[in-house]
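Here's the structure, in structure tokens; my notes come after.
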Amino acid sequence: MEKQTDKNQQPWIGALLPPDTCEFPTRNADGLAIPELTPEQRYAFDTHGWFLVPEVFTGSELKEMRDFGYRLHHDPESIPEHERSPVGGPLQKLIDHPLVVSLLNEFTAHPAVTSPECYGFSVESASLFFRAPGMGRFGPHNGNGLLRFPGDVHYYNAFPGKGYSPHTRIVWELNEVKKGQGGTLLVTGSHKSVYTAPPDIQDPDSDIWATYGCPGGSLLFFTEALTHSATEWTNTENDRLAVFNLYSPVDSGFAKVYQPHPKLLAEMPPLRRTLFRDRHVVDNANGTE
């Protein structure tokens, strides 16, 4: 007797996922090739929970994004309403920059809801951070990413050869960050910690905290399972201007999916629009539907 299968039952249940079902996009929405992470980058993200890529943007491209960011913060009325957001204007291309897609394909995307025409992850939030000297407040949060209640995506899973970060933060630093003067603080490796943090965690000057310095146009990746914190911006030579984008799986998340202005969304290339689709698994790898 032939065995009947439910339409939602997949042929790989109980078996290895066939490679030919795992086609990721090879180019982003702007047609730019998506590179593979280097072994060093994979190792750094899995082991440390974060890494930095300096000077992804320079020159006129960076200036255009920086100018738009300042307008968005200081004079939003000067920007057309549908573009008035951290995914508007020249900042739109940051949300699926090839380096971003490269990391998310490795650590966040789910193959079953991915196709060459459809990203396997979603944008959960997009924010512009502006800080003048004296702004920014220390407040450690997250960590212990191996131990989370069901439904809380602030976790990190790993087994030999594969790491999974369902809640992944991407930070674009549009101005220079001087080390120790207000960049994001990170506790290296805390996404895999299983013990309570020591009291030093409440001291922003403790050696338990790592941070970074970088030129404008640099890109910071970290898993939200990592203990991290803002801290006071003390650099008097320039403000902090940064775009914080947060990504989650297509089937779950911590908050509602971020929704750009309908006109802006309609003007995006089809592949980019898949970053904002509804969260579910069945029949959710068919492009924009």
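The values are calculated or read from the model by the stated rules, or taken from the named source; none is laboratory data. These numbers come from a predicted model, not from an experiment. All Cβ positions, even for glycine, are placed from backbone atoms using ideal geometry, and neighbour counts span all protein chains on display.
Restricting the first residue to the range 42-62 and requiring it to be farther than 13 Å from LYS192 by Cα, which pairs with a second residue that is assigned to a helix (DSSP H, G or I) and aliphatic (A, V, I, L, M) meet a Cβ separation below 8 Å and a spacing of at least six or different chains?
Listed pairs, sorted by first residue: PHE51/ALA44; VAL53/LEU99; VAL56/LEU99; PHE57/MET65.
Which count do you get for residues in the range 142-198 that are within 18 Å of SER122 (Cα to Cα) and either in a loop (DSSP other than H, G, I, E, B) or over 17 Å from the mean Cα position of the chain (by Cα) (or both)?
9
Does PHE138 fit the bill of being surrounded by fewer than 19 Cβ atoms within 10 Å (Cβ to Cβ) and not in a loop (DSSP other than H, G, I, E, B)?
no
Only one residue in LYS192, LYS93 is surrounded by fewer than 22 Cβ atoms within 10 Å (Cβ to Cβ), out of contact with any Cys (no Cβ under 6 Å at 6 or more places or on another chain), closer than 25 Å to GLU55 by Cα and not aromatic (Phe, Trp, Tyr), so which one is that?
Of the residues listed, the single one that is surrounded by fewer than 22 Cβ atoms within 10 Å (Cβ to Cβ), out of contact with any Cys (no Cβ under 6 Å at 6 or more places or on another chain), closer than 25 Å to GLU55 by Cα and not aromatic (Phe, Trp, Tyr) is LYS93.
For GLY161, are the conditions met, namely being at pLDDT below 95, loosely packed, with under 15 Cβ neighbours inside 10 Å, over 25 Å from ARG42 (Cβ atoms) and not β-branched (Val, Ile, Thr)?
Spelling it out, it is not the case that GLY161 is at pLDDT below 95, loosely packed, with under 15 Cβ neighbours inside 10 Å, over 25 Å from ARG42 (Cβ atoms) and not β-branched (Val, Ile, Thr).
Within the range 101-125, work out how many residues are at pLDDT 90 or above and either crowded, with 22+ Cβ neighbours inside 10 Å or closer than 25 Å to VAL53 by Cα (or both).
17
Being among the aromatic types (Phe, Trp, Tyr) and within 29 Å of GLU55 (Cβ to Cβ) is the filter; apply it to the range 195-220 and report the residue that is surrounded by the most Cβ atoms within 10 Å (Cβ to Cβ).
Filtering the range 195-220 for residues that are among the aromatic types (Phe, Trp, Tyr) and within 29 Å of GLU55 (Cβ to Cβ), the one surrounded by the most Cβ atoms within 10 Å (Cβ to Cβ) comes out as TRP209.
Filter the range 29-62 for residues that are over 30 Å from ALA266 (Cβ atoms) and surrounded by 17 or more Cβ atoms within 10 Å (Cβ to Cβ) and give the result.
Once the filter is applied, which keeps residues that are over 30 Å from ALA266 (Cβ atoms) and surrounded by 17 or more Cβ atoms within 10 Å (Cβ to Cβ), the range 29-62 yields LEU37, GLN41, ARG42, ALA44, PHE45, ASP46, HIS48, GLY49, TRP50, PHE51, LEU52.
Being hydroxyl-bearing (Ser, Thr, Tyr) and out of contact with any helix residue (DSSP H, G or I) (no Cβ under 8 Å at 6 or more places or on another chain) is the filter; apply it to the range 21-51 and report the residue that is nearest to TYR155 (Cα to Cα).
Checking each candidate, the answer is THR47.
Restricting to the range 221-255, name every residue that is assigned to a loop (DSSP other than H, G, I, E, B) and surrounded by 23 or more Cβ atoms within 10 Å (Cβ to Cβ).
GLU224, ALA225, LEU226, THR227, VAL250
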